[in-house]
Amino acid sequence: MGGRSQIVRSWIALPVALLLAVACGGGAETSGGATRTTGGTREAAPESPADPGGEPPPAESEELAGAPGSAADAGVEAGGTSTAADPTGSSGSVPGETTVTTTRGETAAAAPAEDAGGATSDPGGAVAANVHADPRGGVFTEFQRGFDRDHPFGSLEAFCFPHGEGAEPRLAPDTGIGADTITLAHIRPRIEEIVEMGFAAPVGDPTDMFDTFTRIVNERCGGVWGRKIDLRLVEVAALGVGGTDIDTLRNAACIEATEDHEAVILVNSTSFQGTAQLCVTEEHDSALITHQALPAEYVQRGGGRLLTTATTLEGNLRALAEYLISTGALEGRRVAVVASNTPGEAEATEASLVATLEAAGVDVRAFDVLDCAGTSVCFGGMAESVQRLIEEGVDVLFPTVNALSLPAYITEMVTQGFAPGDVRFYNSDFNNQGNEIVSGLIVTFGGEAAGELYDGTVLLVHGDSGRYRLPDHLPATAFDEMCMREYAENSAIGEYYDPRDPVETNKHGMVGLVCSIYRVALRGLYDAGPNPTRADIFAALENLGPVDLVSMLPGSLAPGKWTMGDSLQPVTFHYPCPFEGMGTTAGTCHVPNDYSELRVGVN
């Protein structure tokens, strides 16, 4: 196709940390090339595995009541969803606080007295003194009532507080858990391999972020029950090239973290997908905490050890289908779905999105699966798939492929004659397409024509993507602000990232994501007690209840519920961005609806 060679050369060098979701690994069982299935002739979709997210049908989803759209806390989902913040202070106060010294010598609030009071469970009563009064009201206020803000790793004033070592002597009760340390691992793609080729990665330094929060825990707060965090860095190649597919490389990183380092918990804020997730959780009895939508099968097989701040892939796609069906957007439309043969993804797409659409009588003309050939770019069968859109008269497309492949697909559509308005696009957080940086790549590598074709796409996402642009948004949520302040004051880099700046907002967002993931891990370690086994820690993690996510959107963990995201909301992709001077570097942006469109209870 015209222009494809240029795109191929460019995309091989894309930074995974920038994308946060380069998910098209190799080794899938799905056959190469585009696999076509059309309405009326395709075999029934496979039965969806038990979904640990537990997404209900649309009637069970509850739209947010009483939260004005103008009261929008801007948040940042890693590398693209954005929050506005005031660096000078924090909303939400804790009574009886004292001060402690930070790792760089500044003073910070210390834990409140033990009698400061617990969170009230009265849904209609006044907000208790130690319960954060979320200014957005409605479901946001009710969500905050479930937190224990006196928890050493639960405050909105500081990342953690000193809390003692427990009455019993510290032992070495399990692998990776010594008397004085407990081992965790940060899984990071090697961004520098491709940054050197001229591509920027405007999400800051996730390694420094994890290291800084580790230093705060160990030096200010005495570790967890006196046991210091031994955080190991495990790096993995960014792209599957040079004869080794990406899934194999990720599994090698799993083995290094779990066997060589004996890490109890692995944390990741960029991209770590495919069967390596099962290597960590199913094969090596370690936990993995990440931020991407995951296949329900993988989450289930992880047995409470595979956790994400998002939803399942199936949950996100099923909710998208139900949302569009409920609004009548698909009536009389001819629909196609495109997926890739990344392990677990095509199966999840068919069992959730395609099955839900067909069950509602939607005219699904094609379900195509592109071949990634063991790399992060899925070109196999692309031209044939686009040709099929023309043959079937498709006017609605769900492109669930990854961040490297979607720009190529849109460009192929332009090459074959599609013009703006010919097709409506709908997408989700599947493969992090809800990330503004990721969606901006459609213009960066597909050009203006690709951006104009994709303009108006509606995405159902779990973050607060683009809300910082709205003129009447509120300052950052208390959690996002605390995380940014703690990082800026304790990092050797020493920078405060402005969430209102179109570039710095992505770095601000990464700080919030790292902070959120790490706090989940630390709360689980603390709740497991002074001498926990691995099983104790995993049980504690799934019993955390409400958790702090970026933008303080509703999220929780519970027995059998291992995906934290409890809300989804629609945003619209625009090119060019209607907010002058506030678009991405590609000139694109996401524009959110007001919170009246927030769909809670989706997980």
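The values are calculated or read from the model by the stated rules, or taken from the named source; none is laboratory data. Keep in mind it's a predicted model, so treat the numbers as computed, not measured. Methodologically, a virtual Cβ is constructed for each residue, glycine included, from the backbone with ideal geometry; neighbour enumeration extends over all protein chains shown.
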Review point. Of all the residues that make up region 501-547, how many are among the hydroxyl-bearing types (Ser, Thr, Tyr) and modelled with pLDDT under 95?
Key: 1
Check your understanding: So is VAL386 touching a helix residue (DSSP H, G or I) at 6+ places or on another chain (Cβ under 7 Å), of a type outside the set (Gly, Ala, Ser), crowded, with 24+ Cβ neighbours inside 10 Å and not in a helix (DSSP H, G or I) or not?
Key -> no
**Study point:** Residue that is out of contact with any His (no Cβ under 6 Å at 6 or more places or on another chain), at pLDDT 95 or above and farther than 28 Å from GLY509 by Cβ, where the choices are ALA263, ALA252, ALA276
**Key:** ALA252
Check your understanding: For region 403-420, does any single residue satisfy the condition of being touching a Cys at 6+ places or on another chain (Cβ under 7 Å) and not hydroxyl-bearing (Ser, Thr, Tyr)?
Key -> yes
Study note, to complete from the structure: Looking across region 336-362 at residues that are surrounded by 21 or more Cβ atoms within 10 Å (Cβ to Cβ) and of a type in the set (D, E, K, R), the single one that is nearest to ARG250 (Cα to Cα) is GLU345
Review point. Only one of ALA185, ALA179 is at pLDDT 95 or above, outside any loop (DSSP other than H, G, I, E, B) and either under 27 Å from the mean Cα position of the chain (by Cα) or surrounded by fewer than 16 Cβ atoms within 10 Å (Cβ to Cβ) (or both); which?
Key: ALA185
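Conditions tested, residue by residue: (1) β-branched (Val, Ile, Thr); (2) within 16 Å of ASN402 (Cα to Cα); (3) touching a residue at least 60 places away in the same chain (Cβ under 8 Å).
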{"site": "GLY451", "(1), (2), (3)": "no, no, yes"}
{"site": "VAL461", "(1), (2), (3)": "yes, yes, yes"}
{"site": "ARG467", "(1), (2), (3)": "no, no, yes"}
{"site": "PRO471", "(1), (2), (3)": "no, no, no"}
{"site": "LEU474", "(1), (2), (3)": "no, no, yes"}
Check your understanding: Does region 499-509 contain at least one residue that is more than 19 Å from the chain's Cα centre (by Cα), assigned to a helix (DSSP H, G or I) and surrounded by 19 or more Cβ atoms within 10 Å (Cβ to Cβ)?
Key -> no
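Criterion first (farther than 30 Å from THR588 by Cβ and buried (at least 20 other Cβ atoms within 10 Å of the Cβ)) does LEU541 satisfy it?
Yes; evaluated as a whole, the condition is true for this residue.
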Review point. Of ALA359, ALA319, ALA355, which residue is of a type in the set (A, V, I, L, M) and without any contact (Cβ under 8 Å) to a residue 12 or more places away in the chain?
Key: ALA359
**Study point:** Looking only at region 207-247, and only at residues there that are in a strand (DSSP E or B) and not charged (D, E, K, R), the one that is modelled with the lowest pLDDT
**Key:** VAL236
Check your understanding: Among GLY381, GLY374, which is at pLDDT below 90 and under 29 Å from the mean Cα position of the chain (by Cα)?
Key -> GLY374
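Please tell me if ASN531 is farther than 19 Å from ALA158 by Cβ, buried (at least 24 other Cβ atoms within 10 Å of the Cβ) and not hydroxyl-bearing (Ser, Thr, Tyr).
no
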Exercise for review: Look through HIS284, HIS261 and report the one residue that is surrounded by fewer than 24 Cβ atoms within 10 Å (Cβ to Cβ), touching a helix residue (DSSP H, G or I) at 6+ places or on another chain (Cβ under 7 Å) and more than 30 Å from VAL364 (Cα to Cα).
Suggested key: HIS284
Practice item. Could you tell me whether any residue of region 308-319 is in contact with a Cys (Cβ under 8 Å, 6 or more places away or on another chain) and closer than 18 Å to VAL401 by Cα? Key: no
Exercise for review: Take region 563-603 and flag every residue that is assigned to a loop (DSSP other than H, G, I, E, B) and acidic (Asp, Glu).
Suggested key: ASP566, GLU580, ASP594
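Quick check on my filter: what residues within region 309-335 are outside any helix (DSSP H, G or I) and crowded, with 24+ Cβ neighbours inside 10 Å?
Keep residues of region 309-335 that are outside any helix (DSSP H, G or I), which gives 309-312, 328-335.
Listed by number, the residues that qualify are THR309, ALA310, THR311, THR312, VAL335.
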Point to revise | Restricting region 583-603 to residues that are buried (at least 24 other Cβ atoms within 10 Å of the Cβ) and aliphatic (A, V, I, L, M), the residue that is modelled with the lowest pLDDT | key: VAL602
Practice item. Taking GLU580 as the residue in question, decide whether it is surrounded by fewer than 17 Cβ atoms within 10 Å (Cβ to Cβ) and without any contact (Cβ under 8 Å) to a residue 40 or more places away in the chain. Key: yes
Check your understanding: TYR496 versus (1) among the hydroxyl-bearing types (Ser, Thr, Tyr); (2) modelled with pLDDT of 90 or more; (3) not in a loop (DSSP other than H, G, I, E, B): which is the lone unmet condition?
Key -> (3)
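Residue check: is MET564 crowded, with 23+ Cβ neighbours inside 10 Å, touching a residue at least 60 places away in the same chain (Cβ under 8 Å) and under 18 Å from THR214 (Cβ atoms)? Please lay out each step first, then the result.
On the way: crowded, with 23+ Cβ neighbours inside 10 Å: yes; touching a residue at least 60 places away in the same chain (Cβ under 8 Å): yes; under 18 Å from THR214 (Cβ atoms): no.
Taking the combined requirement at face value, the residue does not satisfy it.
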Point to revise | Residue, nearest to GLY463 (Cα to Cα), within region 273-300, restricted to residues that are of a type in the set (Val, Ile, Thr) and either free of Cβ contacts under 8 Å to residues at least 12 places away in the same chain or assigned to a helix (DSSP H, G or I) (or both) | key: VAL299
Practice item. Output the number of the condition that GLY332 fails; it satisfies all remaining conditions of (1) closer than 23 Å to LEU288 by Cβ; (2) in contact with a strand residue (DSSP E or B) (Cβ under 9 Å, 6 or more places away or on another chain). Key: (1)
